[in-house]
1. Test of understanding: among LEU361, LEU374, LEU370, which residue is over 24 Å from the mean Cα position of the chain (by Cα), closer than 20 Å to LYS248 by Cα and crowded, with 19+ Cβ neighbours inside 10 Å?
2. Which pairs turn up if I take residues in the stretch 68-88 that are in contact (Cβ under 8 Å) with a residue 12 or more places away in the chain and under 26 Å from LEU323 (Cβ atoms) and look for partners that are small (Gly, Ala, Ser) and in a helix (DSSP H, G or I) with beta carbon separation below 9 Å, at least 6 apart in sequence or on another chain?
3. Do the conditions hold for LEU278, that is, is it touching a Phe, Trp or Tyr at 6+ places or on another chain (Cβ under 6 Å) and either on the phi > 0 side of the Ramachandran plot or not aromatic (Phe, Trp, Tyr) (or both)?
4. If I ask for residues that are farther than 30 Å from ASN129 by Cα, touching a strand residue (DSSP E or B) at 6+ places or on another chain (Cβ under 9 Å) and either among the acidic types (Asp, Glu) or assigned to a helix (DSSP H, G or I) (or both), which ones from the stretch 391-425 would you list?
5. Find the strands (runs of 3 or more DSSP E) located wholly in the stretch 214-285 whose residues include 1 or more that are touching a strand residue (DSSP E or B) at 6+ places or on another chain (Cβ under 9 Å), crowded, with 18+ Cβ neighbours inside 10 Å and of a type in the set (Gly, Ala, Ser), and list them.
6. Can ILE335 be described as in the same structural domain as LYS248 (by TED's automatic domain parsing) and surrounded by fewer than 22 Cβ atoms within 10 Å (Cβ to Cβ)?
7. Scanning for something among the aliphatic types (A, V, I, L, M) and modelled with pLDDT of 95 or more, does the stretch 46-62 turn up at least one residue?
8. With the structure loaded, tell me whether VAL47 is closer than 30 Å to SER301 by Cα, of a type in the set (Val, Ile, Thr) and either loosely packed, with under 13 Cβ neighbours inside 10 Å or in contact (Cβ under 8 Å) with a residue 60 or more places away in the chain (or both) or whether it fails that test.
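The values are calculated or read from the model by the stated rules, or taken from the named source; none is laboratory data. A quick note: this is a predicted structure, and the numbers were derived from the prediction, not measured. Don't worry about glycine lacking a Cβ; one is built from the backbone with ideal geometry, like all the others, and counts go over all protein chains shown.
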Amino acid sequence: MKIVHIDNADNGGGASRSAYRLHDGLRRLGENSAMYVLYKRTKDPFVKRFQSSSGKIKWISRNMRRLRLNLSMRRYARSAPEDQTFFSDDRTPFYVDSCRQIPESDVINLHWIANFLDLEAFFSWLPKNLPLVWTLHDMAAFSGGCCHAMDCAKFTEQCGACPQLGSPNEHDLSREVWLRKQGYYSSLGKERIHLVTPSQWLGKELSRSSLLSRFPRSVIPNGLDLEVFQPRDRTLSRELLGIAKEAKVVLFVSNGLVHLKGFHILLDALSEIASSELYLLSLGLGAFPTLDRFSHTHIPSIGEDGLLSLIYSAADIFVLPSLVDNLPNTMLESIACGTPVVASDVGGIPDTVRPGVTGVLVKPGDAAELRAALLGLLGNDSLRAEMSSNCRKIALAEYSLELQARRYLEIYETMLAGMKLTRAS
């Protein structure tokens with residue numbers, strides 16, 4: 001079958017990396033999988049990049065639409081909190097153009113499509129006999145625009161007075177987006193769409209949604225190439241990174257969402273640890289301050305998975321003090337490399353961080369509890385070794401690319417068979 005995955009990009013953020021890995025896993029099984037993206041960053045010939053329509057009239061139309069969308073968000077520039085999560089509109093500057101270039105397919109699998117696919121145009125374009133699978137990497141598909149609702153439950157009703165916009169108005173942009181989505185989704189029959197969440201937590205949030213809870217859904221964790229993400233020689237990894245063999249290395253990784261990933265909480269936790277052996281290794285994009293209290297190395301970005309596995313292998317502990325999260329790739333990558341995880345008990349993190357088995361869970365935002373967990377695990381070499389072994393076993397059993405791809409294939413095949421029966425009747 002011809003499978004087309006649609007995402008904002010084929011590499012970059014966690015959702016894009018997850019989408020590309022699924023595409024890669026399906027191709028390894030011999031399936032005819034392709035991707036369609038706004039930003040192409042790999043050299044994969046089976047990834048097609050959207051081409052903006054040429055011509056002066058098209059250019060003017062696209063930019064006028066972009067201006068209107070920017071103005072609709074600009075109303076909340078002063079009221080939106082500094083630590084807001086990402087907020088996305090259901091509309092994009094490309095409108096129908098991005099739909100006209102979708103490759104021919106038997107099944108479409110949507111991923112993270114904000115700023116790329118215009119939902120009104122897409123659902124107007126979607127052929128009635130084309131199965132649609134939508135992998136939800138956050139809450140944006142069933143909220144009024146926020147990726148993570150935090151403590152807000154308005155997505156269970158109809159949004160409005162959105163905390164992420166700092167808006168007191170019940171008829172604000174979040175209500176407008178919610179109402180438009182209601183119109184798009186209400187015209188879909190249950191047999192036409194299947195929703196997938198990578199974590200149990202997001203699946204439960206989806207079941208509370210006033211927009212999408214009526215559709216069939218599955219939980220399928222993201223997959224990894226476990227031949228790439230595997231434990232590497234720790235001594236060699238540290239030599240390559242210039243880290244002393246005896247150091248107690250704590251690793252933190254974030255790709256631009258430093259506040260939501262809880263880096264400030266980690267700094268609070270480390271601030272009262274007096275140890276000459278403590279070494280903080282941080283990786284990713286965002287605002288990482290220069291630290292002088294203890295040894296610290298920051299690596300801005302690594303695009304090669306093999307090098308990433310060396311970094312995970314160099315660490316004693318991977319720390320993930322997130323305020324909100326789904327099923328972060330970094331967590332899966334860490335356990336695949338045999339590195340235990342100390343993390344916040346939020347979102348989909350408990351799916352993988354199992355207390356006493358693969359790591360330690362702490363109360364979100366509690367620096368003291370995080371500090372105690374780090375000290376306890378750093379001071380117990382035998383427990384870390386046991387957890388390291390458990391991490392690798394669980395990764396092999398639950399998070400392989402092949403297992404993920406086969407689970408998706410089962411959904412595709414079931415939907416295609418259902419469509420054929422419908423047409424036959």
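1. Details: LEU361 fails: over 24 Å from the mean Cα position of the chain (by Cα); LEU370 fails: over 24 Å from the mean Cα position of the chain (by Cα).
After ruling out the rest, the residue left standing is LEU374.
2. Qualifying pairs under 9 Å: PHE86/ALA140; PHE87/ALA140; PHE87/SER174; SER88/ALA140.
3. So LEU278 fits the description; yes.
4. Applying the first criterion (farther than 30 Å from ASN129 by Cα) to the stretch 391-425 yields 391-400.
Right, trim to touching a strand residue (DSSP E or B) at 6+ places or on another chain (Cβ under 9 Å) and you get 391, 395, 399-400.
Within the stretch 391-425, CYS391, ALA395 qualify.
5. Values: elements: 217-219, 248-253, 278-283.
Correct list: 278-283.
6. When the stated conditions are applied, ILE335 does not pass them.
7. Taking the stretch 46-62 and keeping what is among the aliphatic types (A, V, I, L, M), we get 47, 57, 60.
Narrowing the set further to residues that are modelled with pLDDT of 95 or more leaves 47.
Among the residues of the stretch 46-62, at least one is among the aliphatic types (A, V, I, L, M) and modelled with pLDDT of 95 or more, which makes the answer yes.
8. In short, no.
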